[in-house]
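Asker: What follows is a single structure, and I will ask about it in a moment.
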Amino acid sequence: MIRGNMKVVGLFGWPVEHTLSPVMQNAAFAAAGLDLCYLAFAVRPGDLPQALQGVKALGFGGLNLTLPHKVEVMRHLDGLDRSAEVVGAVNTVVFEAGRAIGYNTDSAGFVNSLQAENVGIAGGKVALLGAGGAARAVVNGLLDNGVLTVAVGTRDGAKAGAFAGSFASGGRVQGFGWSQPEFLQALSGCDILIQSTPVGMWPRADEEILLAWEAVNPRAVVCDLIYNPATTLFLTRAAAAGHKIIGGAGMLVEQGAAAFTLWTGIEAPREVMYGALADVQRDRGRK
Ligand code: NAP
């Protein structure tokens, strides 16, 4: 129930109506007995500065940003944590004594989602499909946790090369076109294969990246960052080829759990968050 003493935590996006964060965060706030309430706001790109002024004036308890605001918001904040500086995007804002400080919890979210599945990163070789904003957070998390190499593959090899070159990785991150022999070799030697493009995401869940599955190391763990649907065609294909699979729900919960801790100073009730998300995904699957 919403009470008069509650502080609002907001999510700004455009569009934002399909977000699962309110379900997850409100379940967590209630379980922890906190007087906080999470609401999503559709904020037009041009309205972001005024919306930020508004949440400061209204005394919000915290803020999340999703597309298309994650980069633009950086110009309007009072400070940035290192997590936001290295990724070059903000998904979480903490209000500290009237100052708005930007953080990025996507890297930690991805790393923690692997840890939750007992998948190690240190010394491992990773093949990554896609080179967008989510891929940048993933690569930073991998580098911070001792990955040996990351081979980035995109449909346009030049983009992957530029993306790889933007990390101070000492050559550990390299970019290729995803049908180049070097990338096929990376697929055959990888410990973890990560799909970070939107291909296969609802409402176009019948689409998939046509990968040379026979080239992929049969022992590789296969991850897809997409969480809607919970199991993409890409993951279905990987499971059929005998791979352990990890969907994007874990990253979603873990980035949310990290934001929860930044706002509240306490450990997030992860099981409650995983449960709330699974309930919604089950309901959506029935429709
Ligand atoms: P983005 O910045 O738009 O990047 C998308 C990447 O995918 C780019 O490299 C793009 O290549 C490539 N791509 C797009 N359409 C493609 C197609 N039809 N064929 C081949 N490559 C294609 O998006 P993003 O923010 O990184 O998000 C990517 C995915 O991650 C989304 O599905 C999002 O839902 C998911 N995600 C999940 C979480 C989570 O918590 N689980 C968090 C963040 C994001 P070009 O540059 O060539 O177009």
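The values are calculated or read from the model by the stated rules, or taken from the named source; none is laboratory data. None of the values given here were measured: they were computed from a predicted structure. Here the Cβ is made from the backbone with ideal geometry for all residues, glycine too, and neighbour counts use every protein chain on show.
Asker: Answer yes or no: is there a residue in region 41-59 that is among the aliphatic types (A, V, I, L, M), in contact (Cβ under 8 Å) with a residue 24 or more places away in the chain, within 30 Å of Asn145 (Cα to Cα) and touching a helix residue (DSSP H, G or I) at 6+ places or on another chain (Cβ under 6 Å).
Answerer: No, region 41-59 contains no residue that is among the aliphatic types (A, V, I, L, M), in contact (Cβ under 8 Å) with a residue 24 or more places away in the chain, within 30 Å of Asn145 (Cα to Cα) and touching a helix residue (DSSP H, G or I) at 6+ places or on another chain (Cβ under 6 Å).
Asker: Within the group Thr197, Thr236, which residue is within 8 Å of the ligand (Cβ to nearest atom), over 30 Å from Phe95 (Cβ atoms) and polar (S, T, N, Q)? Break it down stepwise before answering.
Answerer: Values: Thr236 fails: within 8 Å of the ligand (Cβ to nearest atom).
Exactly one residue qualifies, and that residue is Thr197.
Asker: Taking region 101-143 only, how many residues are part of a loop (DSSP other than H, G, I, E, B) and either on the phi < 0 side of the Ramachandran plot or away from the ligand (no atom under 11 Å from the Cβ) (or both)?
Answerer: 12
Asker: Pick from Asp191, Asp224: which is modelled with pLDDT of 95 or more, within 16 Å of the ligand (Cβ to nearest atom) and of a type in the set (Asp, Glu)?
Answerer: None of the others qualify; the one that does is Asp224.
Asker: For region 25-66, which residues satisfy the criterion of being acidic (Asp, Glu) and either at pLDDT below 95 or closer than 16 Å to Ile2 by Cβ (or both)?
Answerer: The first filter runs over region 25-66 and keeps only residues acidic (Asp, Glu), leaving 35, 47.
The one that is acidic (Asp, Glu) and either at pLDDT below 95 or closer than 16 Å to Ile2 by Cβ (or both): Asp35.
Asker: Please list, ordered by residue number, the helices (runs of 4 or more DSSP H) wholly in region 215-287 having 1 or more residues that are in contact with a helix residue (DSSP H, G or I) (Cβ under 6 Å, 6 or more places away or on another chain) and closer than 17 Å to Gln195 by Cβ.
Answerer: It comes to 249-264.
Asker: Something else now. Could you please find all residues in region 148-173 being polar (S, T, N, Q) and exposed (fewer than 15 other Cβ atoms within 10 Å of the Cβ)?
Answerer: Result: Ser166, single match.
Asker: Let me ask you something else. Kindly provide the set of residues from region 146-187 that are polar (S, T, N, Q) and over 20 Å from Gly88 (Cβ atoms), ordered by number.
Answerer: Thr149, Ser179, Gln180, Gln185
Asker: Identify all residues within region 207-220 that are within 16 Å of the ligand (Cβ to nearest atom) and within 22 Å of the chain's Cα centre (by Cα); write none if there are none.
Answerer: Keep residues of region 207-220 that are within 16 Å of the ligand (Cβ to nearest atom), which gives 207-212.
Answer for region 207-220, where residues must be within 16 Å of the ligand (Cβ to nearest atom) and within 22 Å of the chain's Cα centre (by Cα): Glu207, Glu208, Ile209.
Asker: Scan (1) closer than 15 Å to Asp191 by Cα; (2) more than 15 Å from the ligand (Cβ to nearest atom); (3) part of a strand (DSSP E or B); (4) of a type in the set (A, V, I, L, M) for the single condition Val152 breaks and write down its number.
Answerer: Result: Val152 passes all but (2).
Asker: I've got another one for you. Does Leu210 count as modelled with pLDDT of 95 or more and outside any strand (DSSP E or B)?
Answerer: Judged against the criteria, Leu210 is not a match.
So that you can scan it fast, the table gives a plain yes or no per residue for (1) more than 18 Å from the chain's Cα centre (by Cα); (2) within 16 Å of the ligand (Cβ to nearest atom):
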{"site": "Phe183", "(1), (2)": "yes, yes"}
{"site": "Ala186", "(1), (2)": "yes, no"}
{"site": "Lys244", "(1), (2)": "yes, no"}
{"site": "Ala268", "(1), (2)": "no, yes"}
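Asker: Scan region 65-72 and tell me whether some residue there is over 18 Å from Gly133 (Cα atoms) and in contact with a helix residue (DSSP H, G or I) (Cβ under 6 Å, 6 or more places away or on another chain).
Answerer: The first filter runs over region 65-72 and keeps only residues over 18 Å from Gly133 (Cα atoms), leaving none.
No, region 65-72 contains no residue that is over 18 Å from Gly133 (Cα atoms) and in contact with a helix residue (DSSP H, G or I) (Cβ under 6 Å, 6 or more places away or on another chain).
Asker: A further question on this structure: Looking only at region 166-179, which residues are more than 12 Å from Arg136 (Cα to Cα), within 15 Å of the ligand (Cβ to nearest atom) and modelled with pLDDT of 95 or more? I'd like the intermediate steps shown before the answer.
Answerer: Step one: filter region 166-179 for residues more than 12 Å from Arg136 (Cα to Cα), giving 168-172, 174-179.
Applying the additional criterion that residues be within 15 Å of the ligand (Cβ to nearest atom) yields 175-179.
Correct list: Gly175, Phe176, Gly177.
Asker: OK, next. So which residues in region 155-180 are assigned to a strand (DSSP E or B) and free of Cβ contacts under 8 Å to residues at least 40 places away in the same chain, if there are any at all?
Answerer: If the condition is that a residue be assigned to a strand (DSSP E or B) and free of Cβ contacts under 8 Å to residues at least 40 places away in the same chain, then Val173, Gln174, Phe176, Gly177 are the ones that fit.
Asker: Please return the ranges of helices (runs of 4 or more DSSP H) entirely within region 1-100 where 3 or more residues are more than 18 Å from the chain's Cα centre (by Cα) and not charged (D, E, K, R). Please lay out each step first, then the result.
Answerer: Working: elements: 21-31, 48-58, 82-87.
Correct list: 21-31, 48-58.
Asker: Identify all residues within region 113-123 that are touching a helix residue (DSSP H, G or I) at 6+ places or on another chain (Cβ under 9 Å) and either without any contact (Cβ under 8 Å) to a residue 60 or more places away in the chain or buried (at least 20 other Cβ atoms within 10 Å of the Cβ) (or both); write none if there are none.
Answerer: Ser113, Leu114, Gln115, Gly120, Ile121
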